[in-house]
Every structure is written in C-alpha cells, then in structure tokens.
1. So which residues in the range 434-482 are at pLDDT 95 or above, touching an Asp or Glu at 6+ places or on another chain (Cβ under 9 Å), hydrophobic (A, V, I, L, M, F, W, C) and crowded, with 18+ Cβ neighbours inside 10 Å, if there are any at all?
2. Among (1) over 30 Å from Lys306 (Cβ atoms); (2) of a type outside the set (Val, Ile, Thr); (3) modelled with pLDDT under 95, which single condition is Ser387 missing?
3. For the range 225-242, does any single residue satisfy the condition of being within 25 Å of Met448 (Cα to Cα) and touching a Ser or Thr at 6+ places or on another chain (Cβ under 6 Å)?
4. Could you please tell me which pairs satisfy a Cβ distance under 7 Å, a separation of 6+ or placement on different chains, a first residue in the range 194-206 that is surrounded by fewer than 24 Cβ atoms within 10 Å (Cβ to Cβ), and a second residue that is of a type in the set (S, T, N, Q)?
5. Kindly indicate whether Ile432 is closer than 15 Å to Ile50 by Cβ, assigned by TED's automatic domain parsing to the domain that holds Gly229, touching a helix residue (DSSP H, G or I) at 6+ places or on another chain (Cβ under 7 Å) and among the β-branched types (Val, Ile, Thr).
6. Based on this model, can you work out whether Ala261 counts as under 32 Å from the mean Cα position of the chain (by Cα), more than 30 Å from Trp174 (Cβ to Cβ) and of a type in the set (Gly, Ala, Ser)?
7. Which members of the range 61-91 meet the condition of being at pLDDT 95 or above and farther than 19 Å from Gly135 by Cβ?
8. Could you tell me whether the range 59-70 includes any residue that is farther than 29 Å from Pro468 by Cα and not in a loop (DSSP other than H, G, I, E, B)?
Amino acid sequence: MSVNKPFGPPARRIAAVALRATGLWLPLLIAFAGHANSSQGAGDESPTVIILHPAPAPKPLLQYQLLPTMYERRSGNAAVFYGRVKSEHTLYFSSKEIWDEIYETDDAALSRVGEMKHARLDHGDALFINLERAGQCEECDWQYPVAEDGFATGLPDAQEKREFARMLRADIRWRVAHGDFDGALRSLKAGYAMARHTADSPLLVPALIGIAINGVMSDATLELIQQPGAPNLYWALTYLPQPFYNTRQIFEGEMQCFEAAFPQLTDSDQSIAAPDYWRRQLEEMADTYMIHICASDAERAEFKQKMALRLVRGYPIAKAALIARGWDPQRVAAMPAGQVILLHTAAVYAEYRDEMLALVSLPYWEARSRLNEFDSRIARDHKVWQSPLPLDRVFPSVYGGRHALMRQDRQIALLRLLEALRLHAAGEKAAIPQSLDEVAVPIPVDPMTGKPFEYEVHDGTAAIGGPPTYVGGRPFRYEVRLAAAGKE
C-alpha cells in the first residue's frame, strides 16, 4: 500500500471560505489560502512520504493533458455553462445523502471512496458535460460590475465553484480507486480548467478561490500518480502554463476596484475652489471606509474621531509633500485644505499602485523580499501619517496574494519533478537517480527560490526539500521511494 499524503488539508479547504466582496474579506481569504496546503499542520516536522511506481512517457507525449487540448478548446463564455450546472440540477445539490457522501470523501481511504455510490459523476450526464464544456471555453466572463460596485462586488459564482471542485475531487478519487485513470484525468482536466477560469478575474478574491481549487486538483493528481499503472504525467504537467495564473491581470483588476470605490483618488486635481465641495469629497471617502472596515456603531464613532484628528494633522504634512513634489507653493496655499489632502493621498496611492504592479510582474523569487518590504512600508507610512487617509486599511496584501499564487506553481513543479523520477526509474537502472543530473528530461526549479529543489538520496530514498512555504510553517520535505516489485 502506498503512503500518500496530500499537499495540504483535503477539499474542505475550499468550503471554509464564505466571501461576499473583495476588500473587507481579503485578509481572511489570504490567511485561509496561505495555509491551505500546509499538510498535517505547522507543528508536524515529519516529511511527506511518496511511493512511486516507474512509468515511461506516453506516446505521443501529450496523450494526456491537464487542460483542454487545442482540439477541445472552443470560443464562447464558460460562465454560461457554469451557470447551468447548479440551475439545471437543483435536486442533486439539495440532496443531503449525496453531499454527506461527497464530504466524506475528504478524509476517507481510497478503498472506502471506491465503495461509495454517489462519489462517481456520470460523464455522460448533463451535470458533468456542462462542467466539461465550461472548461473548454476560451474565456470566462462573469461581468463583475467592479466600476460600479467596487469592494461591494458580489461573487456568488466563485462560491458555487467550490462545490463543483468537491464533486470533481470525489469523482477523481472514485475513478482512481477503480483504476479508471482516463476517466480521472478527464475530471482533473475539468477541475484545472475551472481553477483557471475562477482566477481569470479582475479581482484577487476569485483568484484565491481558484488557487484553493487548484490545490484540490493537485492533491488529487498526487494521489493518482502514486497508483500502480498510473500514466506518467511529466509532459502533461510541463505543458501547463507557467506561471499558471495571469498575475498582472489580477492585480490590475484590484487597482481598478480600489479606484472605483474611491473616485476621489483620480478626480482630486479639478479646479474647484469651494471648500464645501472638498469637504464633501472627504466625507464620502470616509463613509466608504466605514462601510468596509467598521462593523459596529462603536467602531464607526471611533473611526470618525480618528479621521477628524488625522485630517487636522494631515493638512500640513500634505501641503509640504505637494510642494516637495514640485507644486507651486502659492497655488498649494490657495487650495482648500480638503483638496490638498486628497491630492497628496492620490499621489501616495499612485506610488503604491505603480510599485505594486511593477513588483508582481516579476518572478516570485526576484520580488519576494521587495514585496515583503512593500507591505511593511505601507504599514510604516500609516503610522507616521505619510498618507493623511488610511490607505493601508483597504489596500490588498500584495505579499500574501503573490505568495499564494506562487504556491500553486510550486505544487505543479513538485509534481513534475516526481513524474521525472518515475520516468527515470522506468529506464534500464529501474531506480531512483542518485542525482537530478542523471535525469534525461528538464528538471523544474523551485518557484519559491528560483533554484533547483534540494535533492539527496540515501539507501534508495530520495529526500526532496526547500524552504518552508510559510514562516513558521511545516518544513517543505518529501521522502520519495519506489514501490517494491509486485507490491502496491
């Protein structure tokens, strides 16, 4: 029997998130996504044990793929098909018997999953066909009204996809238990495509939900490749997009959402001399803040008191900052105080925005320290009144969001490395390679460091490692060995 631990907690990781909008819930989701794959908890120092069976590359090399092939992809909007999955099968989604069993597959042994009658999805049924057709669509546009609703943009579709991921994972495990690898890969393909569609959004929250779905699929892939007779997926994993998500689009969308919530940041250079106008602009901006960061009357009262103090103290800071940026001192002195404060806040925001977008476009290992410093500097600026208005309270956690995106690339890279070991073991020596230099196919680097994964072999067991994915998290350590001949 192979010992297969997943990359992280099972599919319930994507059931714990209950999010309605972007800004307010973002820290919760980043914290959730940040620990979604910390297998067995931070206190467990034991390595994850992987048992592999040698397997050669398929012929042709891309016989198996983990996203729809160029022949399967179609024009159209996947949102139409995803919308049909639940609306056309209300009895299925309201059945307690079915969902109790699907939830049980999270922790059940593979043999137990194989006995379940509701874990399997009928690939000929419209429920699965709609999921598959959705995955094959070139785009997924839910037409989020970001420009109108800003942080209040609802995300019910992203929530539903968590349930779809559970269904697919249960089906994949059932098929793996029965040795139906082709069927399992068909469901995996729909799952990975759904993860990308969920993350293919102008908002970070759906991207993080997509990350959680991706983690569920990678857990299922890890279990699949440890089964005797499982096809080798090295080239299927290599053919996946690298990086898996469009990082730039996600963070640009976050900034558009931010500016939709606070139009004052882009409209503060108007030639309006009336102090009352600028006072109303500040009040509207403060009201928006309160909606998103204050949960009670007491918090709102405290926020108003702090804002009043902040604006009084912030005016001379903003005035001096504008002059330092090259504004004419006499022109600044003639401006209403509210406009001066908004102009300075808008300038600080623009600096934050541009630096963030520049950093997230870099490979993670190149930007890692700068991203961490960026988040820390925003917090420091808040304390020393660098920005009169508290931008840090609603600005996305750039380091946390980019780190969560990197983690999925790291999972895929590790899976690819494991499949490279199975390729090597299928050769003449039929053994784990003593060095990765012996492997005939390219070995992926660790997306966290930009360097090769740590690799050592002792007594036929390979130790794969790297720095912990999270500060204080469990070590990134895997022990890999081949199954004994004739044993599972």
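The values are calculated or read from the model by the stated rules, or taken from the named source; none is laboratory data. In this text, all values refer to a predicted model and were calculated from it rather than measured experimentally. Neighbour counts run over all protein chains shown; Cβ positions are idealised from the backbone, glycine included.
1. Phe453, Ala462, Ile464
2. If we test Ser387 against (1) over 30 Å from Lys306 (Cβ atoms); (2) of a type outside the set (Val, Ile, Thr); (3) modelled with pLDDT under 95, just (1) comes out false.
3. yes
4. From residues that are surrounded by fewer than 24 Cβ atoms within 10 Å (Cβ to Cβ), the pairs are Asp200/Asn246; Pro202/Gln249; Pro202/Gln256.
5. Answer is yes for this residue.
6. Answer is yes for this residue.
7. Leu61
8. no
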